[in-house]
Each structure stands twice: as C-alpha cells, then as structure tokens.
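Remarks on the structure that follows.
The values are calculated or read from the model by the stated rules, or taken from the named source; none is laboratory data. Keep in mind the model is a prediction, meaning the values are calculated, not measured. Note that we place each Cβ from the backbone using ideal geometry, even for glycine, and neighbour counts take in every protein chain shown. We work out accessible area using only protein heavy atoms, side chains counted, and drop any ligands, DNA or RNA first. Shrake-Rupley method; radii C 1.70, N 1.55, O 1.52, S 1.80 Å.
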Amino acid sequence: STQQVVVLPIVEKINVLLVKVKRPVIGCSTWELPAGGLEKDEEPESGALREFKEETGISVKDKSRLCSMNPLVVSPTRMPMFPNMFSINLNYQEFENRSPHDNEIEAVQIFSFEKIQKMILEEEIFVMLPLAVLSRFLLSKRSLT
C-alpha cells in the first residue's frame, strides 16, 4: 500500500485550513486535512507539498516550512499505517492568493481553533485521521478552555 501524507495547515497561528472532499462512497462531502498518497519514489516532503497544492491551490516550494509531527497508527489490527504527518504555517495572503484546487475538492476554508473544536463536537468533522490530528493539536493548545 502507498505511504500516506497528511498536512495540518495553520493560518496566522489562530486558524486551521480544511478542505471539503467529495466522498461518493459515503454519499457526502467531508471536512478533512489535505492528504493523499505518495507517488513511486517520492519523498514524503515533496508528496506533502504536491498533495497540498493539488487540494488547496496553495503552492509552497520551500520544504523546510514543513514541520514533522509525531505519527499516529491508523489501524493497529490491520496494516499498521503510519502516515507521514506535517504541519505548515501559512499567512492570510497565501490563502487569499491561492490557485484553483482540483475537482475532488468542493471547498477550501479556514476556521478558528474554537470553530474546529465545535465542528468536532458537533460531528461535522468525522473522518478518523483528520479528527485525530486536529484533536491532538487542539488539546496541545492550552489556551483553549
């Protein structure tokens, strides 16, 4: 199975960028983090930036802007998948100046940390991997009460 990459985009230190992905299998669109599979012989960093650009329209050339995050095991009983997880800091201008995203994506939006927390609690975010990454990230932000 291909290695997966996941990107947690933090905008101006107070928002998270999410993509609304069309998921025909479950008959709806879901809020997720930009993610995807690596191509053959592709480095995780390159793959992360490529998937990020495809899904958000934001092109980042500098790989050093990616920060590695501690891995999560997706399913310990089956294929123990350890996705390559990165966070990246963006500014509003990069978000505003983005190019069109690919057509599997319905929308690209930024949400405050508080709003993300609400979306998790109200089950608007229910895809396992982004849910885990976002929850861990938000819980690490002690400023949230």
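Report D for region 77-117 in µm² per second (integer): Stokes-Einstein, Kirkwood Rh on Cα pairs, 20 °C, 1.002 mPa s.
The calculation lands on 156 µm²/s.
With N denoting the number of residues in region 65-145, provide Rg(C-alpha) divided by 2.2 N^0.38 Å, to two decimal places.
1.26
Averaged per residue, what accessible surface does region 88-145 expose to a 1.4 Å probe, in Å²?
66 Å²
Run the quick spin-label model on ASN91 and GLU39: label points 7 Å from Cα toward the beta carbon, then report their separation in nm to one decimal.
Distance between the two pseudo-spin positions: 3.0 nm.
Under 37 °C and 0.692 mPa s, how fast does the chain diffuse according to Stokes-Einstein, given a Kirkwood radius computed over C-alpha pairs? Answer in µm²/s, whole number.
Estimated diffusion coefficient is 211 µm²/s.
Just order 58-65, 131-138, 28-35 by mean Cβ neighbour count inside 10 Å, highest at the front, would you?
Top to bottom by mean Cβ count within 10 Å: 28-35, 131-138, 58-65.
Kindly state, as a whole number, the per residue volume in cubic angstrom of the convex hull around the alpha carbon atoms of region 1-49.
Taking only Cα atoms, region 1-49 has a hull volume of 85 Å³ per residue.
Could you calculate the contour length gain from LEU72 to GLU54, that is, 0.36 nm times the residue separation minus the distance between their Cα atoms, to one decimal place in nm?
4.1 nm
With all protein chains present, how much of the accessible area of the chain (probe radius 1.4 Å) comes from carbon and sulfur, to the nearest whole percent?
For the chain, the apolar C and S fraction of the accessible surface comes to 52 percent.
Between GLU12 and SER46, take the C-beta separation as r, use R0 = 25 Å, and let me know the FRET efficiency to the nearest 0.05.
For R0 = 25 Å, the calculated efficiency reads 0.45.
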